[in-house]
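To start, the structure itself, in structure tokens.
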Amino acid sequence: YTREEVARHRSPGDRVWVTHGTEVFDVTDFVELHPGGPDKLLLAAGGPLEPFWALYAVHGQPHVLELLREYKVGELSPEDAALPPGDTGDPFAGDPPRHPALRVNSLKPFNAEPPPELLTQSFLTPNELFFTRNHLPVPSVEPGSYRLRLEGPGGRSLSLSLAELRGRFPKHEVTATLQCAGNRRSEMSRVRPVKGLAWDIGAIGTARWGGARLRDVLLHAGFGDQPPGEGEWHVCFEGLDEDASGTPYGASIPFSRAISAEAEVLLAYEMNGRELPRDHGFPVRVVVPGVVGARSVKWLRSVAVSPSESPSHWQQNDYKGFCPSVDWDSVDFRAAPAIQELPVQSAITEPRPGAAVPEGELTVKGYAWSGGGREVVRVDVSLDGGRTWRVAELGGQRGRGWAWTLWELRAPVAAGSRLDIVCKAVDRSYNVQPDTVGPVWNLRGVLNNAWHRVPVTVT
């Protein structure tokens, strides 16, 4: 069979086919028997099993392959094994391969999120499933020739190789959640149209980041604990990713956060104990815990201490929130501050909207997080749209306020009922989510932290 023929079999109605190596399998009759649940097996429908099996070590055991062979229906055509070469004239042709489970919101530039049912399978998000937010083509960087440039007033400057960044500064690790400002934008679009990628609830992820503290590097470059001059100073970042005119992606954070030991801002070169993947900033990226992901600039080429914010479009004319009455004819981006810390947030990852769940005990799962290191202290869940509430159980692995909390609720449900499942999180400052999207709607579709709602039926 060709890969195209295999790809036609993606649902039980059309039969569910998968490949492993050069073999083709019809696993339709095994879908409901899959120990991880049918939804997870269906993620691989019509394509290869290997990227999904790599996420769970149990698949490497011999009995799993023996079981799979019972469903073999054929082999891949030899001429179809090699994929066609990319278009070398395409600026995105050099982008890295991606995991097929990711749900793509745009191909060029590549932006994608994991399916919700995989998002909260583990406290740390696997690198392959971490949401990808790219604004421009992914640069190809030779680590041996990489240099990071630091600049500031008074002619201060410093240039560091990757080896120097690793060798001169103590390695620091921090477990932190990154969230795109547009996470859950698709819900805002249902109120009124907005401009931007239609993110669902997966533009968020948590990783153990390793690298040099930005504070240590700034002090080494001659910048003290205090701003170099009067007023609020900033630390500006530029990436190696550029548009057709040569303009790079850029962003900035206040100097006070960059130099703070408590803020734990990193020049990261590791993600979950491994070298940074290309999609996530190889060889070096900024990681700013507790702050919108837009400030954690990837493929970092320069750091500049400046009396003003980054002049970048993405700092000045994007990633800002506005009153719901502001439209594209009246918006003034200079009138709003750039988003830094994000508001308290939560979402339901299981069950999925529109699902039919069996009677008996229902398990509801999700994540909760708040910006600025304000850890989540409670998650409330309602099965009736917010009329009555139950307190969810918070996961044991919590992090230091920079990382999300995974939560779970178990409740009895009766057949024939329709549930309107709702969640809301409370952080340590007793910030709580608003109940509806309308009051937080804005023309860019950012900062949506309204109660997350999932309707299901009980069979």
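Spatial offset of region 414-459 relative to region 1-23 amounts to 37 Å, using the alpha carbon center of each.
Rounded to whole numbers, the Karplus 3J(HN,Hα) couplings from phi for region 137-146 are x, 6, x, 9, 10, 8, x, x, 9, 5 Hz, using 6.51 cos²θ - 1.76 cosθ + 1.60 with θ = phi - 60°, and x at Gly and Pro. Pairs exceeding 21 Å between alpha-carbon atoms, taken from LYS108/LYS320; LYS108/LYS298; LYS108/LYS195: LYS108/LYS320. Put simply, the amide H of HIS234, placed in the peptide plane, has neighbours under 5 Å in PHE255, SER306, SER308, leaving out anything fewer than 5 places away on its chain. 3J(HN,Hα) along region 408-418, derived from phi through the Karplus expression 6.51 cos²θ - 1.76 cosθ + 1.60 where θ = phi - 60°, amounts to 8, 9, 10, 8, x, 9, 9, 4, x, 8, 10 Hz, with x in place of Gly and Pro.
Local charge for GLU128 was computed over the other residues whose Cβ lies under 14 Å away, with Lys and Arg +1 and Asp and Glu -1, and equals 0.
Surface exposure of the chain, expressed per residue as accessible area with a 1.4 Å probe, stands at 43 Å².
Region 251-279 and region 117-144 have Cα centres separated by 15 Å. Antiparallel DSSP bridges in the chain: what percent, to the nearest 5? Antiparallel: roughly 90 percent of the beta bridges in the chain.
Quick one: with all protein chains in place, what share of the accessible area of region 344-458 is carbon or sulfur, to the nearest percent (1.4 Å probe)? Here it works out to 49 percent.
Amide H contacts under 5 Å for GLU359: THR459, restricted to partners 5 or more places along the chain or on a different chain, H placed in the peptide plane at 1.01 Å from N. If you roll a 1.4 angstrom probe over the protein chains with everything in place, what fraction of the accessible area of region 1-75 belongs to carbon and sulfur, to the nearest %? About 56 percent, which is the carbon plus sulfur part of the accessible surface. Note on the chain: helix-only mean residue ellipticity at 222 nm, from DSSP H runs of 4+ residues weighted -39500 (n - 2.57) and normalised by residue number, equals -2500 deg cm²/dmol.
In whole percent, and with a 1.4 Å probe on the protein chains, what portion of the accessible area of region 103-317 is carbon and sulfur? Its accessible area is 49 percent carbon and sulfur atoms. Computed over region 103-317, the P(r) tail beyond 29 angstrom holds 24 percent of alpha carbon pairs.
Please list log₁₀ I(q)/I(0) at q = 0.12 Å⁻¹ for region 3-82, using the Debye equation with identical point scatterers on the alpha-carbon positions. With one equal scatterer per Cα and no solvent, log10 I(q)/I(0) is -0.30.
Treating each Cα of region 344-458 as one equal point scatterer and applying the Debye formula with no solvent, the log10 of I(q)/I(0) at q = 0.24 Å⁻¹ comes out as -1.34. Straight-line cross-link reach from LYS40 at under 22 Å between alpha-carbon atoms covers these lysines, not counting any fewer than eight positions away in the same chain: LYS72, LYS365. Taking amide H as placed 1.01 Å from N in the peptide plane, GLY74 has its amide H under 5 Å from the amide H of VAL24, each at least 5 places away in sequence or on another chain. In the assembled protein chains, ASP39 presents an accessible area of approximately 90 Å² (probe radius 1.4 Å). The order of THR459, THR175 by accessible area, most exposed first and with a 1.4 Å probe, is THR459, THR175.
Paramagnetic label reach from SER11 (point 7 Å along Cα→Cβ; backbone nitrogen cut-off under 17 Å): within region 417-437, no residues. Roughly what % of Cα-Cα distances in region 1-140 sit above 23 Å, to the whole percent? When every Cα pair of region 1-140 is considered, 42 percent fall beyond 23 Å. Converting phi to 3J(HN,Hα) with the Karplus coefficients 6.51, -1.76 and 1.60 and the offset θ = phi - 60°, region 317-332 yields 10, 7, 6, 9, x, 9, 4, x, 7, 6, 10, 5, 7, 10, 5, 10 Hz in sequence order, with x at every glycine or proline.
The values are calculated or read from the model by the stated rules, or taken from the named source; none is laboratory data. Quick caveat, the model's predicted, so the values are computed rather than measured. Counting neighbours? That spans all protein chains shown, and the Cβs are built from the backbone with ideal geometry, glycine included. Side chains are part of the model used for accessible areas, which takes the heavy atoms of the whole protein and leaves out ligands, DNA and RNA. Shrake-Rupley method; radii C 1.70, N 1.55, O 1.52, S 1.80 Å.
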